[in-house]
Structure formats: C-alpha cells, structure tokens
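Encoded as structure tokens, the structure appears first; notes follow it.
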Amino acid sequence: MPERPASTGDLDLNELQSIVDGSSDCIKVLDLDGHLLSMNAGGMETMEIEDFGSCQYIMWPEFWKGEAKTQVQQALEAARAGQTVNFEGPANTFLGTPRWWEVRVSPIRNQGGEVTRLLAISRDVTARRTAEERLLENERGLQKRATELELQVDQQALALNAFVRFTTAVASSTELEVIAAAAAEILRDVVEGAISGFFLVRGDTAYPLVFSANTPAAVIEARRRGVPLTTPLAVQAFKQRSVAFAEGDTSKQQSVGYATALSITPYFVQDRPYAMLATGTERAVWSAQERAVVESVGRGLGLALERTEQARVLTEQRDVLDHRTRELEATNAELEAFTHSASHDLRTPVRHVMGFAELAEKSLTNGQYDKTAQYLGVVKQGALRMTALIDGMLLLSRSGRQKLQVRSVDLNALVTQAQRDAGAEFTGHPVRWQIGVLPPVQGDPGLLQQVMTNLLSNAVKYSSTRELSVVQVWAQVRETETEVFVKDNGVGFDPRYVDKLFGLFQRLHTEKEFTGTGVGLATVRRVVLKHGGQVAARSLDDEGAVFSFTLPRGSTTVAQFTGSSKTNTGSRSQEAVQDH
C-alpha cells in the first residue's frame with residue numbers, strides 16, 4: 001500500500017463539525033426520549049431556525065402531525081431498539097413553511113455497544129415530491145384527453161360510415177348529374193307524382209342540370225332559361241339557408257302554372273349559393289310526411305354534394321388525430337420514463353448519498369477520520385448527479401409544454417449556432433465540419449435550435465475519441481417533407497438497441513466513456529414529433545452514426561433545393577476544420 005503523506009493529518013473535531021454544518025441536510029442528535037439536543041448549521045437554515053436555543057430540548061415528534069407523527073414515534077422506538085429506519089413525510093419548518101422530508105433515524109452507541117442517543121437526518125425532498133405530484137396530475141390530464149380524443153374519433157368514424165352508406169344508397173357515382181337524377185327519382189317515387197329539377201347557380205340565375213323523368217316537356221322548356229334568384233321562394237330558401245315551401249296560388253305563379261305545392265332546397269359551397277333542388281306536386285298542400293321526405297332527400301343530396309369536400313376534411317382531421325395520437329403516445333412514454341426515473345434513476349444517487357453518509361457516520365464513530373472526506377466527496381457527487389437528472393427532466397418537460405411559434409426557419413443559421421455551442425462544450429478538440437446548403441423549413445426556431453444543437457454536440461462528443469472529428473450535415477427535400485441528416489465518424493452504437501436511443505435517460509455508453517444524462521435525444525424526439533415529423537438513427541459499425549429527422553413541407557418548392565439535397569459536400573458546401 002502507498003505510504004500516507006506526512007503533511008496529511010486526521011480531521012479534527014472542528015473540521016468534522018464544519019463538514020456536517022455545511023450539509024443542507026438537517027442532522028439532529030436526540031436523547032432516547034426524542035428531545036432535540038443538537039442540530040447542524042445547514043440543517044438550521046433548512047429548518048428556518050435562527051436561534052437553536054428556541055427549539056433545543058423540544059420533543060422532536062412535536063414538529064410532525066397526524067400520520068407522519070406516528071411514523072416518527074415508530075422510528076424512534078425502532079432506533080432505541082438498535083434499528084435504523086427510513087421514511088418520508090410532511091412537516092412544517094420552524095417558521096411554518098410546509099415541506100416534505102426524507103428521514104433516516106438510527107441509534108448512536110457508546111464503546112460498549114449500548115444505545116445512548118439517536119441520530120435523525122432529514123432531507124428536504126419537497127421539489128421531488130412536487131415534481132412527482134405534477135407528473136401524476138399531467139398523466140391524469142393526458143389520460144382524460146386521450147379518452148376525449150378516442151370518443152371524438154369514434155363519433156367522426158360513425159359520421160363517416162353514415163355518409164358512405166347514404167352515398168351508396170342514393171348513387172354510386174360521383175357525377176353530379178347522376179346524383180341529382182337519383183334524388184329527383186327518389187322524390188318522384190316517394191312523393192307520388194312529384195316532379196323535380198336540379199339547378200346550378202350562375203350569377204343571379206339558377207340554370208337546370210337535370211329533371212325527373214316525369215317532368216312535362218312544357219315545364220322543361222320554360223325552365224331552360226333558368227330561374228331568377230329573385231323569385232320569392234328562392235329568396236326565402238337562400239336567406240334562411242334551408243328548404244322553403246309554398247302552396248296555393250303563390251306556388252302556382254312560381255311554378256310555370258303546374259304545381260300548387262312547391263319547394264326549393266338551397267345548397268352552398270364556401271358560403272356562396274351553389275345549386276337548388278325544386279320539387280312540385282299538383283296537390284294543394286304539402287303533408288307533414290311529404291315535407292319530411294323532401295327535407296330528408298334534400299339533406300341527403302346536400303351530403304352527396306359535399307361528399308368530396310367532407311372526405312378531404314375528414315382525411316385532414318384523421319391526419320391531425322394521427323399526429324396527436326403519436327404525440328400522446330410519445331408523451332405517455334415520457335411520462336412512464338419520468339415515473340421510472342423518479343423511482344429508480346433519481347433514487348440511485350440518493351442511495352449513494354445515504355449509503356456513503358452512513359459510512360461517513362460510521363467512520364466518525366469509529367475514529368476513521370481519513371475516510372470521512374472521501375465518503376463525503378461521493379455524497380457530493382451523488383447530489384450533483386441527481387441535480388443534473390432533475391434539470392434534464394425539467395428541460396424536456398418545458399420543450400413539450402412550449403407552444404409552437406411556427407415561421408420560416410433558416411436551417412443554416414441554426415447549424416452555425418449549433419457549431420458555436422458544440423465548440424464551447426468541447427474546447428480544444430479539432431472538428432472538420434462539412435455543411436451542405438440547407439433549405440428553409442417551417443417550424444419553431446427556438447425548439448429547432450435545441451434539435452440541431454443536441455445532434456451536433458452528440459456528433460462531436462461521440463467522435464471525440466478520434467484524432468479528428470468529422471461531422472457532416474445535409475438535407476433532402478421531398479414532396480411532402482424535408483429530412484435533415486447529421487453524420488459523424490464516432491464510435492457508433494449497437495443497432496440492436498436503436499429503439500432506446502431517443503428514450504429519456506436511455507444511454508448506450510457508460511458514464512466513464514461519455515458523460516451525459518440521456519436527455520438530449522429525448523428532447524430531439526419530443527420537439528420533432530411536436531412539429532409532426534419523425535426521428536431516425538443508423539449505426540455505421542465502428543465508423544460513426546447517422547441521425548436524421550423529418551419536418552412536414554411548408555411553402556418551399558422542391559426545385560429550389562434539388563441541387564443541395566445530395567449527401568456529398570462539394571463546391572457549394574461549407575467545409576472547415578475548427579480547433580475548438
């Protein structure tokens with residue numbers, strides 16, 4: 001074993017007390033009855049105690065209420081029996097501020113092994129508890145929203161199926177004349193003897209397209225000149241935007257002297273008069289049943305006329321719902337990862353802290369002061385690791401909640417900034433950048449900057465073991481999307497685990513190999529999905545990796561960037577070696 005340096009002495013009690021006082025954990029010594037005998041300075045600050053004399057000798061359980069107080073009393077009882085107990089519970093500070101605490105109660109023994117006092121260490125875990133409660137609340141909200149979306153999808157699917165059944169029953173053709181003729185024949189058959197004509201509006205006149213087979217020739221000839229939209233019944237129908245009925249002499253005057261009961265059903269396209277269906281009968285009045293039939297067939301014809309438009313709208317809605325479903329699936333997966341992290345990833349550094357704090361305590365008790373600083377150093381590292389994990393979770397959460405500010409984004413400017421960010425992070429390591437001419441895209445510039453910075457920083461990080469990092473960036477513009485690629489000459493990854501790359505805290509390399517929290521690629525995935533795109537990764541064995549993401553096309557045309565969509569970096573590319 002190496003010799004101990006002569007200049008290194010054991011820590012004295014004052015030094016040990018300084019270390020304990022510097023901890024933000026509330027470290028208390030109690031007598032066997034639970035009276036508060038001493039507390040470290042850091043703990044007094046955490047508990048908002050200015051003068052320890054104001055609470056010295058107070059029964060420690062009095063700080064707790066309800067079920068938490070029962071936990072404290074049980075923990076004291078177990079510690080008096082020589083056991084160490086851990087629990088969590090709520091309690092106010094000395095000034096009444098509500099907090100959540102992670103508590104460890106253990107016995108203090110004399111040299112003879114007899115329990116003489118008790119040690120209670122309380123850690124403020126309010127932030128973690130608040131985050132857990134917020135996660136649970138978000139999960140409940142997402143589940144509720146998912147249920148609502150599922151109900152909406154079911155309702156729209158039923159509406160679409162009803163529309164398809166009606167179209168099939170009325171006509172199997174999308175030709176306007178066939179659809180209109182089918183409606184006219186249905187009215188002739190159901191409203192016995194009724195004649196009908198379907199008219200298209202041009203300007204202030206409706207011109208006939210088709211008549212029912214039983215329409216007298218005189219009526220057809222008279223109506224070939226069209227029906228002025230100033231006709232009283234037409235004015236009424238288009239004004240009220242629904243079928244209008246007329247009877248008696250008023251009807252006869254408007255129907256070329258044939259019908260004594262007349263109806264006009266109006267149709268609109270983009271809120272403008274488009275067509276009308278006129279139906280007449282020689283009976284004096286419309287019966288309620290006949291009115292219902294005219295309204296029903298007229299409504300069905302309207303649905304048929306709107307079929308193409310509705311199909312387009314429904315397709316768009318399905319696309320939107322598919323996108324939202326993907327977002328919900330991604331969010332649910334992240335929530336599961338958040339929950340897993342809260343119960344596993346975040347607890348790992350906590351266990352390190354608690355475990356090495358116990359070792360430090362034992363080294364103090366056993367007089368092994370040379371090991372105390374080492375143990376407390378590990379405690380500090382665990383706390384820093386936990387802080388980094390929490391910061392990563394908060395960053396990912398904010399990127400998901402942030403509302404998109406969509407505009408035209410210059411990818412070249414984002415890459416330039418990402419190069420600066422990577423250079424600041426990996427100073428001293430040479431990088432050859434091969435940047436193709438990148439097209440503008442539609443998206444949120446702030447969120448897309450996070451994507452490019454994470455991808456370029458990862459590319460430099462995982463190629464930092466090479467003598468020279470080579471990072472290539474290019475884009476391919478397709479009809480419906482733009483795909484951006486980032487390639488490095490790094491260590492690559494095991495392709496069997498490619499599905500884990502973009503998960504929260506999922507890392508395929510150890511902390512000793514490459515530092516990080518496993519949040520960067522999860523953020524990339526969240527932002528890209530929020531934009532309606534996809535992410536992908538491909539390992540090139542030991543020659544690096546290629547990461548890519550897609551964004552839906554905006555107003556940019558493919559022809560503008562066909563020259564820059566290739567993967568090579570020729571005369572139009574920006575190639576430089578930078579020694580950061």
Amide H proximity to residue 93 below 5 Å, modelled H, separation 5+ or other chain, gives 99
So residue 70 and residue 282, fully extended at 0.36 nm per residue minus their Cα-Cα distance, gain in nm 67.3 nm
Diffing the stretch 137-145: the Karplus 3J(HN,Hα) column from phi (6.51, -1.76, 1.60, θ = phi - 60°), in whole Hz with x for Gly and Pro, holds 5, 5, 5, 4, x, 5, 4, 5, 5
Extension length gain for residue 94 and residue 427 (0.36 nm per residue less Cα distance), in nm, is 115.1 nm
Once the dipole of the stretch 99-138 is set up from charges on Cβ (+1 Lys and Arg, -1 Asp and Glu), the residue from the list 103, 115, 126 lying farthest towards its positive end is 115
In order over the stretch 59-72: 3J(HN,Hα) from phi, Karplus 6.51/-1.76/1.60, θ = phi - 60°, whole Hz, x for each Gly or Pro, gives 5, 4, x, 5, 6, 10, 10, x, 4, 4, 5, 4, 4, 4
Given 85-93, 69-77, 192-200, the highest-first ranking by average Cβ count within 10 Å works out to 192-200, 69-77, 85-93
Residues meeting the amide H criterion for residue 482 (H placed from the backbone, H to H distance under 5 Å, 5 or more places apart or on another chain) are 551, 553
Links exceeding 21 Å between C-alpha atoms in this model, out of 65/362; 487/530; 461/530; 461/500; 69/362, come to 65/362; 487/530; 461/530; 69/362
Within the stretch 213-304, DSSP-loop trypsin sites (Lys or Arg not before Pro) with at most 14 other C-beta atoms within 10 Å are 224, 225, 241
Distance in nm between residue 371 and residue 466 label points, each 7 Å along Cα→Cβ, equals 4.6
Karplus-derived 3J(HN,Hα) from phi for the stretch 429-440 (6.51 cos²θ - 1.76 cosθ + 1.60, θ = phi - 60°), whole Hz, x at Gly and Pro, runs 9, x, 10, 9, 8, 10, 10, x, 6, 9, x, x
The answer for residue 492, listing residues at least 5 apart or on another chain whose modeled amide H is closer than 5 Å to its amide H, is 544, 545
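Each value in this text was obtained by applying a stated rule to the coordinates, not by laboratory testing. Everything numeric in this text was worked out from a predicted model, so none of it was measured. Ideal geometry is used to build each Cβ from the backbone, glycine not excepted, and the neighbour counts take in all protein chains shown.
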